[in-house]
Amino acid sequence: QVQLVESGGDLVQPGGPLRLSCTASGTIFRLSTIQWYRQAPGNQRDFVASITSASTTNYADSVKGRFKISRDNARNTVYLQMNSLKPEDTAVYYCKLFDYQGRAYWGQGTQVTVSP
């Protein structure tokens with residue numbers, strides 16, 4: 001059974017950094033593609049960033065140059081380093097894993113709040 005656990009969400013001031021983690025179990029992690037999404041209250045869940053098994057990355061325009069996604073296959077973990085945070089980055093952040101057969105799994109989410 002595949003499980004994803006996000007962590008690292010917190011209250012942070014505008015302009016500050018924060019790093020989120022997504023740790024997976026129950027799958028061949030090194031063959032997986034991982035995506036980060038976020039959802040603010042009343043909004044749809046939006047794509048933030050992704051990293052493939054080959055470590056190819058992709059970002060939403062709204063976070064390019066500020067966020068960086070990376071992976072540590074030895075720890076079955078993907079990170080989302082977020083810098084220069086803005087109030088509009090406030091949301092619940094979710095990770096989504098696609099396994100080697102293309103099946104998708106979601107984590108439970110972690111809250112990020114950017115406020116003075």
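The values are calculated or read from the model by the stated rules, or taken from the named source; none is laboratory data. As the structure is a computational prediction, the values presented were derived from the model and not from experiment. Note that we place each Cβ from the backbone using ideal geometry, even for glycine, and neighbour counts take in every protein chain shown. Side chains are part of the model used for accessible areas, which takes the heavy atoms of the whole protein and leaves out ligands, DNA and RNA. Shrake-Rupley method; radii C 1.70, N 1.55, O 1.52, S 1.80 Å.
The number of residues in the range 48-62 that are open to solvent by 40 Å² or more (accessible area, probe 1.4 Å) and in contact with a strand residue (DSSP E or B) (Cβ under 6 Å, 6 or more places away or on another chain) comes to 4. When Arg30, Arg103 are checked against the criterion of being basic (Lys, Arg) and in contact with a helix residue (DSSP H, G or I) (Cβ under 6 Å, 6 or more places away or on another chain), Arg30 stands alone in meeting it.
Residues in the range 73-89 that are more than 16 Å from Gly26 (Cα to Cα) and either touching an Asp or Glu at 6+ places or on another chain (Cβ under 6 Å) or open to solvent by 40 Å² or more (accessible area, probe 1.4 Å) (or both): Gln81, Asn83, Ser84, Lys86, Pro87, Glu88.
When the range 17-29 is filtered for residues that are at pLDDT 95 or above and not small (Gly, Ala, Ser), the ones remaining, listed by number, are Pro17, Leu18, Arg19, Leu20, Cys22, Thr23.
Restricting Gly65, Gly16, Gly9 to residues that are out of contact with any Phe, Trp or Tyr (no Cβ under 6 Å at 6 or more places or on another chain) and on the phi > 0 side of the Ramachandran plot narrows the list to Gly65. If we keep just the residues of the range 23-46 that are in contact with a Leu (Cβ under 6 Å, 6 or more places away or on another chain) and of a type outside the set (S, T, N, Q), which is surrounded by the most Cβ atoms within 10 Å (Cβ to Cβ)? The selected residue is Trp36. Restricting Gly15, Gly9, Gly65 to residues that are assigned to a loop (DSSP other than H, G, I, E, B), touching a residue at least 60 places away in the same chain (Cβ under 8 Å) and exposed (fewer than 14 other Cβ atoms within 10 Å of the Cβ) narrows the list to Gly15. Taken over the range 88-108, the residue count meeting the criterion of being closer than 16 Å to Val2 by Cβ and either of a type in the set (S, T, N, Q) or within 14 Å of the chain's Cα centre (by Cα) (or both) is 10. Might you check whether a residue that is farther than 23 Å from Pro116 by Cα, assigned to a strand (DSSP E or B) and within 10 Å of the chain's Cα centre (by Cα) occurs anywhere in the range 73-87? Yes, the conditions are met somewhere in the range 73-87.
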